[in-house]
Each structure stands twice: as structure tokens, then as C-alpha cells.
Amino acid sequence: MTPMSNPDLLSVDEALQQLLAAIHFVGTETVPIEESCGRVLSNPIDSTLDLPPFSNSSMDGFAVKISDVAHASAENPVDLALVGDIPAGSFPSQVLRPGQAIRIMTGAPIPDGAEAVVPVEYTNIDRHEAGAQLPKSIRINRAVTQGDFIRWRGEDLPRGSQVLQPGLRLRPQDLGMLATLGVGMVNVYRKPRIAILSTGDELVGIQATPAQGQIRESNSYTLAAQIGSCGGDVVRMGIVPDSLQQLQQSLDAAVELDIDLLMSTAGVSVGAYDFVRTALERNGALNFWRVNMRPGKPLAFGHYRGIPFVGLPGNPVSAFVGFEVFLRPALEKLSGSRSWSREEHSASLIEAVKSDGRQSYLRGVLTRVDGVYQVKFASHQGSGNLFSLVKADVLYIIPAGVKYLPAGSMVKIWFI
Ligand code: AMP
Ligand code: MG
């Protein structure tokens, strides 16, 4: 523990570990591969084929024997009898003999007896004219060696090897591999369903004109998009007034909708109208609610009637940061993914930073000088200041226990 840490506050890492330990993979389903990009694979995929499935040519050219062409050059070209033609999609029965060449197209099977392919560019033929008569012989003016321009059967992937591991979020190239293997339907984790409740008497919908003292509810829009970027489905429970009874009603309604994780914003602080903690204590369990971070110290995690629950702070920046720190990894795990650590880069501070010793996630504008990222404040860093987030390229992190970092210090950055 660092000297400046407050023993009443949970560290970000401890909080994240507790949260992740309580999150379990959702169930699985089978989908056509054309709908599987971005979904998380739940079963291993082994190759049922050698890839490539047969030895084939990687160039348009001529299949040859090495002994015939090993010394071919522009000064000493070699003439070979052209005895056949192998278009892609055909399969040769002819065996290549010394002194012979067989024309072959990219992807066409290598005939027995052939040891290399001479690309058409190494011969006296300019290009293969479609439909033209095959010449009786060809002249080769450059040597090739054993195996040149041949893609051997199984060299990419031998049959029986594991191709894709469970927990992988499928990418376009993975779909191509599934198609190659003839896998048309694939087992994936189903999309997690996340309910969002926005609590607060001051909130009105985006169509409404706020009366005095009211503001438009914005957190659910930011969070829904963040959830979407993790591959989750959002169930919007709308605005819930600051009333324990109405909060419980709304949570109960969400529980009926087969939700995998409940999420709320606001009402987790120590304000007179903050009921989220009470609702959890009465209907489930509350695991923690004060985390050593800034913004976003009040953060509730627990279960409501058996469903994992995360109560984010109401301030828009705090809610956003709380999602990035805790919910993005939690949703990755919920989705079945095995890698929930985030890609981190580092940047040099353009200006010195003071901190209060909590782990701080500041909004930064990024530039790149001589290949090195440099970061500075996006603007006023208040946790209600959504515009600072709009202007920011990154969050940059001042670790817990650090109260001052001079300009030039290196900090971790997260692209947002
Ligand atoms: P609270 O956590 O309830 O103390 O709220 C903290 C601040 O966040 C207050 O200024 C709220 O008005 C604001 N806030 C709470 N919920 C939302 C929301 N859904 N959208 C925008 N601002 C909110
Ligand atoms: Mg409130």
C-alpha cells in the first residue's frame, strides 16, 4: 500500500478483481458465420483439412524439373517442350518428364514430377493470351530452385491443428478461415444484455425542454454506446426518480427481462436522496462503494436479486470513466472473451500535473512529436464537464499515491 492511500478506499485493482470474480460467461448459441464477426467464439476450431489442401502454384507460369532449368540464364536460355496446360480448378493426370514443361495457373495443382514453377515473367512468353493456341515450346531465361513458387500441401496449416481458440472475438480474417474449413455455423457466446437505469429527480428525456433546475439525461446515451462497442445489447429502463420504491420497481422490472448485468447512474453518493445502496442492501448484496480513483469515487457493486449490479456515479465524466475502468473489462469477461486487459500506450506530459493521490483518469489532448506521444489537459477537468471528454483523445492516468508529476514524465494513456 502506498503511503498516501486511504485505508477506507478500495484500490482500482482490488475493485476490478472483485468485480471480475463475480462475473461469469453468458450462455452460448449457434449463428451463421456471416453474422459472427465481433462475436466471441465458445468452442475451439480445429482444422479438418491440410491448408492448402493440395500443392499448387503461387504464380502463373510453367511447371518444370530442376535439372532442366538449374543453369538457365538470359545468356544461356533453356528450351523445353510444352506438353500440357493446367488451369485452376482442374486436376492433372499427366506426369512431367525431363525436357518438358506444363503450363500452370495460380492456384492450379502441381503435376507429379514437377519440382518448381517458372513464372511466366522468366520466359519468352509475354503473357498468357486467353484462348490462344499453346506454343510447342517455351524458352526459359532465368533459373529457379527446388520448390520455387510452389505452395505445398499443408504448409499453411496441417490438418488436425487448432486454428481458433475459445474466447476469441472473431475478426474478418477468422470468418475467412471458418469458410475455408467449411464451417458455416459457429458456436459463440450470446450477446450479454445490459439494463441501464438513470436515476435522478432532475433528469428529463432528450425531447423535453428542461424546466428550471432540470437537465437532460445524457448518461444512458453515452453508456449505451460504450456497451455497444463491447458487443452488448442494451435494455433502456429510462429515468427513475429519486425514490427507493420506484428504484426497486424499476430494478424488479429489469430482472424480469433476462438481464445479465444491471447498471445505474447517480444516486450512489452520500446525498440525502441517494437510494441505490439501500436498494441493494435490501434485495441483494453491496460489495463496495468507495474506490480510490478520480473521477468516480462513489461506485457501487453488488447483486440485485442475484444479478450483478454496478452503480456508476451520476456525473457524466465519472460515469464514462467508471465504465472504461470497470465495465469494459467486466463486459469483455461476461461476453466470453479471455482477454479483457486494455491496450495501453504511453505519452510524455506537456505540462506538470498535480493530483490528490487518488488514481486519476484525466482527459487529454494528444499530439505526436518525433514519434513520441505528448499529452496535455483537454480543458477544465471537473467530473461534470462533459465537454472536456468531447475534446479529449485519451484518458491519461496518474497512479494512486502520486501527488505531482513534472512535465516530461511518462504516463499511461487509453484511447477513447
Ligand atoms: P448524483 O450522483 O446523483 O449526485 O449526481 C451527480 C451529478 O450528475 C449531478 O449533477 C446530476 O445532475 C448529474 N447526473 C446524474 N445523472 C445524470 C444523467 N443520467 N445524465 C446527465 N447528468 C446526470
Ligand atoms: Mg442525484
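The values are calculated or read from the model by the stated rules, or taken from the named source; none is laboratory data. Since this is a predicted model, take the numbers as computed values, not measurements. Here the Cβ positions follow ideal geometry from the backbone for every residue, glycine too, while neighbour counts run over all protein chains shown. The accessibility values were calculated without ligands, DNA or RNA, using every heavy atom of the protein model including side chains. Shrake-Rupley method; radii C 1.70, N 1.55, O 1.52, S 1.80 Å.
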Cβ-Cβ under 6 Å, sequence separation 6+ or interchain: first residue in the stretch 190-214 and without any contact (Cβ under 8 Å) to a residue 24 or more places away in the chain and open to solvent by 70 Å² or more (accessible area, probe 1.4 Å), partner assigned to a strand (DSSP E or B) and within 12 Å of ligand 2 (Cβ to nearest atom). Which pairs? 202/215
For the stretch 253-271, which positions are more than 26 Å from the chain's Cα centre (by Cα) and away from ligand 2 (no atom under 16 Å from the Cβ)? 253, 254, 255, 256, 257
Across (1) more than 28 Å from residue 169 (Cα to Cα); (2) of a type in the set (A, V, I, L, M, F, W, C); (3) surrounded by fewer than 17 Cβ atoms within 10 Å (Cβ to Cβ); (4) away from ligand 1 (no atom under 14 Å from the Cβ), residue 257 clears everything bar (1)
Considering only the stretch 173-187, I want to know if a residue exists there that is closer than 30 Å to residue 257 by Cα, surrounded by 13 or more Cβ atoms within 10 Å (Cβ to Cβ) and under 35 Å from the mean Cα position of the chain (by Cα). yes
Name the pairs whose Cβ atoms lie under 6 Å apart, with the first residue in the stretch 371-388 and surrounded by 14 or more Cβ atoms within 10 Å (Cβ to Cβ), the second among the aromatic types (Phe, Trp, Tyr), and 6 or more positions between them or separate chains? 375/396
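If I ask for residues that are of a type outside the set (A, V, I, L, M) and over 20 Å from residue 320 (Cβ atoms), which ones from the stretch 253-270 would you list?
Within the stretch 253-270, 256, 258, 260 qualify.
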Failed condition for residue 121, given (1) closer than 22 Å to residue 33 by Cβ; (2) part of a helix (DSSP H, G or I): (1)
Do the conditions hold for residue 170, that is, is it surrounded by fewer than 22 Cβ atoms within 10 Å (Cβ to Cβ), of a type in the set (A, V, I, L, M) and at pLDDT below 95? no
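Quick test for you: out of 101, 116, pick the one residue that is over 30 Å from residue 42 (Cβ atoms), within 41 Å of the chain's Cα centre (by Cα) and surrounded by 15 or more Cβ atoms within 10 Å (Cβ to Cβ). If you could, list the steps in order and put the result at the bottom.
On the way: 101 fails: within 41 Å of the chain's Cα centre (by Cα).
Testing whether each residue is over 30 Å from residue 42 (Cβ atoms), within 41 Å of the chain's Cα centre (by Cα) and surrounded by 15 or more Cβ atoms within 10 Å (Cβ to Cβ) leaves just 116.
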Taking the criterion of being within 28 Å of residue 52 (Cα to Cα), modelled with pLDDT of 95 or more and open to solvent by 20 Å² or more (accessible area, probe 1.4 Å), would at least one residue in the stretch 124-135 satisfy it? no
Any residue in the stretch 127-140 that is in contact (Cβ under 8 Å) with a residue 40 or more places away in the chain, part of a loop (DSSP other than H, G, I, E, B), in contact with a Phe, Trp or Tyr (Cβ under 9 Å, 6 or more places away or on another chain) and over 30 Å from residue 42 (Cα atoms)? no
Just give me the residues in the stretch 316-352 being open to solvent by less than 10 Å² (accessible area, probe 1.4 Å) and in a loop (DSSP other than H, G, I, E, B), in sequence order. 335, 336, 337
Residue set 407, 400; condition in contact (Cβ under 8 Å) with a residue 24 or more places away in the chain, part of a loop (DSSP other than H, G, I, E, B) and surrounded by fewer than 16 Cβ atoms within 10 Å (Cβ to Cβ); output residue 407
Tally the residues that are closer than 27 Å to residue 110 by Cα, assigned to a strand (DSSP E or B) and open to solvent by less than 40 Å² (accessible area, probe 1.4 Å), restricting the search to the stretch 151-167. 2
Going residue by residue through the stretch 33-47, is there one that turns out to be in a loop (DSSP other than H, G, I, E, B), out of contact with any Pro (no Cβ under 7 Å at 6 or more places or on another chain) and open to solvent by 40 Å² or more (accessible area, probe 1.4 Å)? no
